[in-house]
1. Just to make sure I understand: if all protein chains stay in place, what is the order of Asp133, Asp90 by accessible area at 1.4 Å, largest first?
2. Please report, in Å, the Rg and the Dmax of the chain, where both are computed over Cα atoms only.
3. Could you please state how large a percent of the accessible area of the chain is carbon and sulfur, counting protein chains only and using a 1.4 Å probe?
4. So how far apart, in nm, are the two label points at Glu23 and Asn108 if each is 7 Å from Cα heading toward Cβ?
5. Specify the residue with the greatest mean-square fluctuation among Glu137, Glu228, Glu34, computed from a Gaussian network of the chain linking alpha-carbon atoms under 10 Å apart.
6. Quick check: convex hull over the Cα atoms of the range 1-66, volume per residue in Å³, rounded to an integer?
7. Which three extents, in angstrom, do the Cα atoms of the range 106-258 have along their principal axes, listed largest first?
8. Let me spell out the model: positive unit charges on the Cβ of Lys and Arg, negative unit charges on the Cβ of Asp and Glu, origin at the Cα centre of the chain. What dipole size does that give, in debye rounded to 20?
Amino acid sequence: MDQLLHHLRHLGFTEMESKIMVELARQGSASGYEVAKRLGVSRSNVYATLQRLESRGFLRCSPGEPAKYSMLKPEEMTRMISDQMHTSLDYVERSMPKSEPEKPVFYNVEGDKNVLENLSRELATAQHEIVVDVWREEAELLREDLQQAEARGVRLLWSCEGGEGMVDQPLPLPGLASHGMDTGRKFSLVVDRRWCMLGMRGESCPTQAVVTAHPVMTGLLLNHFAQELVLYELEQDMGEELEGRYGRRYADIAATYWSTPTPDQE
């Protein structure tokens, strides 16, 4: 009995409504006076509750003096409740205000300590993959965090620059201002393809980085990393041929797009 009353209350019926419904289902039709006497509660509360349940369609009332109330069959009652709940749920789903999804933010991190602490914290949460594009100096600083991630089963993809290959240092864009940060070492990391940091660090420039979970930025860094790997493999396989045909660091290709137009070309 207690379990039945509990579930009726869970469906939205009050304690008095639940007790009256169970009593009528057990005894059959009864007047308000009879229900109140069986339950040992005041007649005024019973009459008000009976009328409320009748108005909601859960009870039938037979004409006569006194009026007799009876419950619907259990399958009729549960079907009615189910229909009402589905109607309400459908309406709520359609009508509930929808907030705008949170937009990924970009934020700046400055200073060696802050940048490395941000990186360590995020690397500790990596579950699947870390893509690392750094110089040897930064790789050494991150060695312990990356080793711990690898020990957890996280896949590490490395690109460690040292300025020695054909493509390690791309040609500068003519006329592009460097803002006094020529000697800085660029670095980037992408964690689980959802979070990334892109920054610069060096002895003669302040350590600064941009951090974001924006899919455009993570996608750009991953594409750049993939292109570096492709170029590296080509260089290993065809280095002298590539240099002979396109120039050191592909200067001849770069000149097609980056060279400053001559007066005749303008």
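1. Of Asp133, Asp90, the descending order of accessible area is Asp90, Asp133.
2. When restricted to Cα atoms, the chain yields Rg and Dmax of 37.1, 111 Å.
3. About 53 percent, which is the carbon plus sulfur part of the accessible surface.
4. With each label point 7 Å from Cα toward Cβ, the separation is 7.5 nm.
5. Glu34
6. So the per-residue Cα hull volume is 83 Å³.
7. Result for the range 106-258: principal-axis Cα extents of 45, 36, 28 Å.
8. Magnitude of the dipole: close to 2800 debye.
The values are calculated or read from the model by the stated rules, or taken from the named source; none is laboratory data. Predicted model only: the values in this text are computed from it and were never measured. All Cβ positions, glycine included, derive from the backbone under ideal geometry; neighbour counts span all protein chains shown. All accessible areas refer to the heavy atoms of the entire protein, side chains included, with ligands and DNA or RNA removed. Shrake-Rupley method; radii C 1.70, N 1.55, O 1.52, S 1.80 Å.
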